[in-house]
1. Under the definition of Cα pairs under 8 Å and six or more residues apart, what whole-number percent is the relative contact order of the chain?
2. Quick one: with all protein chains in place, what share of the accessible area of the chain is carbon or sulfur, to the nearest percent (1.4 Å probe)?
3. For a protection proxy built on the mean count of beta-carbon atoms within 10 angstrom, sort 121-132, 175-186, 33-44 highest first, please.
4. If you wrap a convex hull around the C-alpha atoms of segment 129-185 and split its volume per residue, what is the figure in Å³?
5. Which loop-located trypsin sites (Lys or Arg not before Pro) does segment 45-153 contain, where loop means any DSSP state but H, G, I, E or B and the Cβ has at most 14 other Cβ atoms within 10 Å?
6. For segment 171-291, state what percent of all Cα-Cα pairs lands in each successive 10 Å bin, counting from 0 Å until the bin that includes the largest distance.
7. Return one whole number: the accessible area per residue of segment 21-286 in Å², for a 1.4 Å probe.
8. I want to verify a result. In a Gaussian network model of the chain, Cα cutoff 10 Å, which of these has the top mean-square fluctuation: Ala148, Ala52, Ala82?
Amino acid sequence: MAWRKTKIFLEMIKIEHTLFALPFAFMGALLGSVVAFNHLPSWGQIGWILLAMIGARSAAMGLNRVIDKVFDAKNPRTAMRAIPAGLISSKEAIIFIIISFVCLFWAAYHLSPLAMKLLPVAVFFLVFYSYTKRFTWTCHLILGMTVALAPLGGWIAVTGEFSLAALVFYVAIVFWLAGFDTIYATQDVEFDKKEGLHSIPARFGIPKALLIARWFHIVTAAGLISLFFLTDLSWVYLAGVLVSYALLMYEHLIVKPTDLTKLNTAFFTMNSTLSISLFVFTLIDLVVFNG
C-alpha cells in the first residue's frame, strides 16, 4: 500500500523529468567551483544540491498539480493525473509540498548564506509560475526563469556569489526550457483557447510558436558558446556544445506544424539527452583538463 502510494506521488511530480534540469544543476556547481576556486565541489555539496533540487522540483510540481486541478480534470490529456483521478487528495498533495519545501530549506541552509537569502526569490517563482498561464503567454519564459534557478543555485551554492558566467549560463537555460515548453504546449492549443488559458501557441498559432521556439534555442546556443569564452573550458566542452546544437536541431526537425506525433520524443528524449550529454562533456573537461 505504501509503495503504491509512493509510486503515485512520483508519477504526480513526473520524477523522470528531473533528468531535464538536474544535470544542469550539477553543471552549475562544477563550473562555479572550478571558476571560483579551481577545484571540484565536495561530495557533501553535491549531496545538498541534490536534496535542494529534489525538494524544489517536487514542491513546484505538487503546487502545479494542486493549482491546476480544475483544468487538469477538464483536459482529456491530463484527466487521469493523480488529483483529478482521485488517487491523491489535495490535502495529501499539500502535505507533500510542505515536506518538499522543508527539504529545500534544509539543503539551502547547509550550502551557503547567499543561498538562504535567495530562497524567497526561488519560492516566489515556484508558486507564481502555475498562475501565469491564466494571464500571459510569456508563461513559458517564466517557467524557464524558474527551472533555470537550479543551475544558478548550484553555482551560487558552491561559490557564495554571482558572476557574469553564472548569469550567462542562467539565461541559456531559461531559453532552452522556454523553447521546448513552447513546443510541448502545441498539443493543448484548442483546450487553452476554450478555457481562456494563455500560451505562445494559443496566442500566435502553432507555426509561429515553433518558429519562436527556434529563436529561443538560438539564444541558448549563443549562451552556451559564450560560456566557453568566459571560463577556462576546453575543446571537450565545445564538443559537448556541438552535440547539444545537433540535438536541438533534430528536435525542431521532427516536430512540424502539420505533424506533432513525435512531440513526446522531442520533449523528453531529446532534452534529457541534451542535458546529460552536456554535463558529461563538461565533467570530463573539468576533471581531465582542469583537475
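The values are calculated or read from the model by the stated rules, or taken from the named source; none is laboratory data. This one's a predicted model, so the numbers in the text were calculated from it and none came from an experiment. With ideal geometry, Cβ positions are generated from the backbone for all residues, glycine too; neighbour counts draw on all protein chains shown. These area figures cover heavy atoms from the full protein model, side chains too; ligands, DNA and RNA do not enter into them. Shrake-Rupley method; radii C 1.70, N 1.55, O 1.52, S 1.80 Å.
1. On the way: 420 pairs, mean separation 63.5, N = 291.
That works out to 22 percent.
2. Its accessible area is 72 percent carbon and sulfur atoms.
3. Per-residue mean Cβ counts within 10 Å order the peptides as 175-186, 121-132, 33-44.
4. 76 Å³
5. Arg77, Arg134
6. Result, from short to long distances: 13, 41, 27, 13, 5, 0 percent.
7. Each residue of segment 21-286 exposes 44 Å² on average to a 1.4 Å probe.
8. Ala82
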